[in-house]
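One structure is given below, encoded as structure tokens.
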Amino acid sequence: MAVPGNQISFIRNTGHLATHHDVVRHAMSTIPHRPERHPGGQHYRHLIELCVDGVLLLRDARIVGANRAGLDLLGCGNPEQAHGHSLFDFLHPEGGAAAAQRLRSAVEEGPADVSLEHRLARDDGTVFDAEITVAPYPDLDDPNGRLVVLRNLTERRCIAAALDQQDQYLRLITDAAPILIAYIDSDERYRFINAAYESWFKLPRPDIVGKSLREVLGASYPALQPQIARALAGERVRYEATVEHDLGRRHVIATYTPDIGDDGKVRGFSSAVIDITERKNAEQELREREEQLRLITDALPVFIAQCDRDYRLRFVNRTYADRFGFSGSEVIGRRVPDIVGLEAFARIRQYLDAALAGQPQEHEMRINAPDGEERCLQLMYVPERDEHGAVRGVVAAVNDMTRLRRTEERLIRREIEFKTLVENSPDIISRIDRNMRHLYVNPAAVKLAGIAPSDYIGKTKAELGLPPEMVAAWDEAAEAGFRTGREQRLDFDNIVDGQTHFFSGRIVPETDQHGRIESVVAIAYDVTERARAEKERDDLLVRERAARIQAETAARARDEFLAIVSHELRAPLNGIQSWAHVLENYLKDVTSAPLAQRALQGIKTGVGQQVRLIEDLLDVTRMMSGKLRLVRQPLALVPLLEAAVESVRPTAAAKNIAISCGYRITNEQIEGDSDRVQQIFWNLLSNAVKFTQQDGSVWLTAERDGGNIRVTVRDNGMGISAEFLPHLFDRFSQEDTSSTRGHSGLGLGLFLVRHLVELHGGQVRAESAGEGRGTTFSVSLPLRVATEKYAVATFEESASANLPLPSLKGLRILLIDDQAEARESLTVVLTTAGADVFAADSARQALAWLPTLAGQRLPDVLVCDIAMPGEDGYAVLRKLRAWKPDGKSAPLQRMPALALTAFAQREDRIRALTAGFQMHVTKPVAPEELIVVIDTMVARTQ
């Protein structure tokens, strides 16, 4: 029980606040019949006195007792004024007859409790509404005694009205606020929300008040729950959050203020949520604009700065910061004199102070730059004002005008120079306005026309009496210049001193400061001598062009001839080589045919020699036309030398010539084309063996020589005469050219050696003590540091030469060649390797065979000759690719194709690959090489 002042409140067992009626009834029920005789009687009476409601005791409907509150309500100063009065004496007529009758029945008759409202009147005439509760009280001497409790409703209604008014004020204030306001109790249920809350959630108040936070917030609740728990724990919480809303993602600031009761417990908390999305967007936009401003000002070649009234820098662009050797952040906050220096500041301060006084300033200044060069600066100072118009700083823009001023000075000098040149030029120069009237003519024009300058100015060419044809040409060109703004050219002739002279003219439009064309400059110069020279030059060009065409035709004829020779030599060799391969394989196990084996070896040797002769011829052609190409890569030299030695060893063995090798290098490398490097040393070794007698010797050595590798090939053979030695490396050079010479060849080998060595950046030298005393060749090639990678690669490559040939079993090959011998030999070679071969002499025969394969497998590979009568290999390939047996799909569109041809030049290979062949192989081809190429080509396409 708590007793504040003279009021008493009781809490029932249920936890709810009990009414004073309950209290009085309970107190009166515990008073004995004679309280004055009971030891605790005075206590109970004191308890009733403390009640804020009036308490009356009635006997026979008259007042026999009242507490202080009851006397005050009835307007009685003391108990004697109320004693003996009837309760009905205080009833006011406006209370209503029905209520009065009901009260009377309760006082006089009713045994049960009655509670009603009625208006009462005091003796002083004041009226008030009262709640009257009547209850039996039989403990008095009168069994009809009644207990009456009076409560002043007027005061309570005034308080309620005041509270309603306060609620209205609160509602008006919170509804007008642009923030979300709510009160949440300790059970996390809404007890109050404002209009902004309704608008945010698009729900009326009844659908929110009384609901839990989880019900209203939905998916957002888990994220906010930790903050809610802090508020309910008594902590004031403020945080920013990003939440999803119908309007999109919104940024908010929420403040939770706990409501703590007198007992220290948290009864709930108030929530104030401010939508700061627009502010955030504005801040982001401001940041973006600042960044844009930064980017724009940083891109300008102008020094831009902003300072306050204390000359402290608030902003500088990158150009400004770079000029003084600072970063932008280092400059901000520092004073201008600290950055530009006291001397420079003293010169600009008057302009800064004038701008700070509100007067924009602009002036030019010349300064000595740190590099010692004088520079011209244009300075502009603009006052920066605040929202009240007061100057709070200055924005400065400093433009380096040095280049512009120098340009202007150069223009002035050039104008002077131009005038000097024009006045002294032999060319005819004039300025003409839009009306074709002369504004200026130089002395040359005056001299040529014989007209005084004063007569020229302001007149047209027609008015000056110049030839009509010339006037028309000049006026037409001038009008075109005014119309298009582009330079115009014209040619004309005129009679000078009785002779025809040729002139070339130009019309150059001139623009003013606004870009408008107001005049043109006309320039004419005598080109009579040049015209004669040009005619002579044209005649010479015609003759030179004819000679060049003739030379090109001859060169083309030579190349074509060599190609034809190559083809005619290679084609029969292909059959010879193929048949030799077949017979060699057939006779391998026949021990009784050594002569046949020797013959076959001779055939193959002869074929190889003829092929090498053809290759030498083609290499010479490529060298002479500048078309020889090298495929450069790091090369280990020793394996290449060994390969060259092995290639000539059979020939040396036949003459019982000993070849000795001595290498003082290991993994040293050069940069070059492996095939061409091997060709160099094969030629040298082959010549050494060729020109050394039976039982002779050849020595091969390799060693480092500074930054080079020197390879020496020495023999004890025939030697070289002193007269022939200087011509040893010339093309087609042979010491013995008689019909009885003892050695064959075209004299190309050493010519090729010299050129190949020089293409590799090296040198070759030959020495001989004379005929019969042997020869020494020294080749010097630039050294490259060898690596393990290339040494291993070269070894593996050479080792792979001994691998067994692949099998072509299961492959169906379409072979097309118009030469029966070549076609038959190749068929046997490919069939022996396991392939199923169909040989045709033309595209027509092949296309006639393909339909017979209905339901069978089509060819897997095409091997086709290029040079064939009627249709060449390119036409054959196009027809096969386009063949559509069902009229829809082309099954041979992706069939691998190999061009087997005697056309061996680089252009032939490029044309074949461009036409759609996957590989280009030159006749004669070694059968082993053909088998490997076909196997590789098929493997690539699978």
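The values are calculated or read from the model by the stated rules, or taken from the named source; none is laboratory data. Keep in mind that this is a model prediction, so the values were computed, not measured. Cβ placement follows ideal geometry from the backbone for every residue including glycine, while neighbour counts extend to all protein chains displayed.
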Run V471 past the list (1) in contact with a Lys or Arg (Cβ under 9 Å, 6 or more places away or on another chain); (2) under 23 Å from F418 (Cβ atoms) and report the number of the one that doesn't hold.
(2)
Just for the stretch 437-475: of the residues that are more than 27 Å from N424 (Cβ to Cβ), of a type in the set (D, E, K, R) and surrounded by 13 or more Cβ atoms within 10 Å (Cβ to Cβ), which one is nearest to the chain's Cα centre (by Cα)?
D475
Search the stretch 621-632 for residues that are more than 24 Å from I670 (Cα to Cα) and pair each with any residue that is modelled with pLDDT of 70 or more when their beta-carbon atoms are under 7 Å apart and the residues are at least 6 apart or on different chains.
none
Within the group V689, V677, V698, which residue is surrounded by 19 or more Cβ atoms within 10 Å (Cβ to Cβ), farther than 14 Å from L641 by Cα and not hydroxyl-bearing (S, T, Y)?
V689
Which members of the stretch 647-668 meet the condition of being among the basic types (K, R) and more than 18 Å from R710 (Cα to Cα)?
R649, K655
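Each row is one residue, and each column tells you yes or no for (1) in contact with a Lys or Arg (Cβ under 9 Å, 6 or more places away or on another chain); (2) exposed (fewer than 13 other Cβ atoms within 10 Å of the Cβ); (3) under 22 Å from H755 (Cβ atoms).
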site	(1), (2), (3)
A636	no, no, no
I665	yes, no, no
I670	yes, no, yes
N683	no, no, yes
V713	no, no, yes
N716	yes, no, no
Single match in R823, R857 (criterion: over 20 Å from V932 (Cβ atoms), among the charged types (D, E, K, R) and part of a helix (DSSP H, G or I))
R823
Which pairs turn up if I take residues in the stretch 86-99 that are of a type outside the set (A, V, I, L, M) and look for partners that are exposed (fewer than 14 other Cβ atoms within 10 Å of the Cβ) and modelled with pLDDT of 85 or more with beta carbon separation below 7 Å, at least 6 apart in sequence or on another chain?
H92/V127
Kindly evaluate D310 against the criterion of being surrounded by fewer than 15 Cβ atoms within 10 Å (Cβ to Cβ), in the same structural domain as I296 (by TED's automatic domain parsing), under 22 Å from N368 (Cα atoms) and of a type outside the set (F, W, Y).
no
Given (1) surrounded by 20 or more Cβ atoms within 10 Å (Cβ to Cβ); (2) in a helix (DSSP H, G or I); (3) not charged (D, E, K, R), identify the lone condition not met by A939.
(1)
Determine whether D322 is touching a Ser or Thr at 6+ places or on another chain (Cβ under 9 Å), at pLDDT below 80 and in a helix (DSSP H, G or I).
no
For the stretch 652-704, the count of residues that are under 29 Å from E771 (Cβ atoms) and either in contact with a helix residue (DSSP H, G or I) (Cβ under 8 Å, 6 or more places away or on another chain) or of a type outside the set (S, T, Y) (or both) equals 32
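One line per residue, one yes/no per condition, for (1) without any contact (Cβ under 8 Å) to a residue 40 or more places away in the chain; (2) closer than 15 Å to T257 by Cβ:
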| site | (1), (2) |
| --- | --- |
| I173 | yes, no |
| I179 | no, yes |
| D187 | yes, no |
| S199 | yes, no |
| Y221 | yes, no |
| Q225 | yes, no |
| R230 | yes, yes |
Identify all residues within the stretch 490-537 that are of a type in the set (S, T, N, Q), in a strand (DSSP E or B) and exposed (fewer than 13 other Cβ atoms within 10 Å of the Cβ); write none if there are none.
Q499, T500, T511
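Scan the stretch 403-417 and give yes if some residue there is of a type in the set (A, V, I, L, M) and within 20 Å of V302 (Cα to Cα), otherwise no.
Looking only at the stretch 403-417, we keep the residues that are of a type in the set (A, V, I, L, M), and these are 404, 411-412, 416.
So of that shortlist, the ones also within 20 Å of V302 (Cα to Cα) come out as 404.
Checked the stretch 403-417: at least one residue is of a type in the set (A, V, I, L, M) and within 20 Å of V302 (Cα to Cα).
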Residue count for the stretch 892-936, restricted to those that are under 30 Å from P851 (Cα atoms) and assigned to a strand (DSSP E or B)
8
Selection count where residues are within 19 Å of F502 (Cα to Cα) and not in a helix (DSSP H, G or I), scope the stretch 439-489:
6
Of the residues in the stretch 796-812, those that are among the charged types (D, E, K, R) and modelled with pLDDT of 50 or more number 2
So which residues in the stretch 306-327 are free of Cβ contacts under 8 Å to residues at least 12 places away in the same chain and not hydroxyl-bearing (S, T, Y)?
A321, D322, G325
Could you tell me which numbered condition S271 fails, if it satisfies all but one of (1) part of a strand (DSSP E or B); (2) surrounded by fewer than 17 Cβ atoms within 10 Å (Cβ to Cβ)?
(2)
For the stretch 69-128, enumerate the residues that are under 15 Å from L58 (Cβ atoms), of a type in the set (D, E) and in contact with a strand residue (DSSP E or B) (Cβ under 8 Å, 6 or more places away or on another chain).
D113
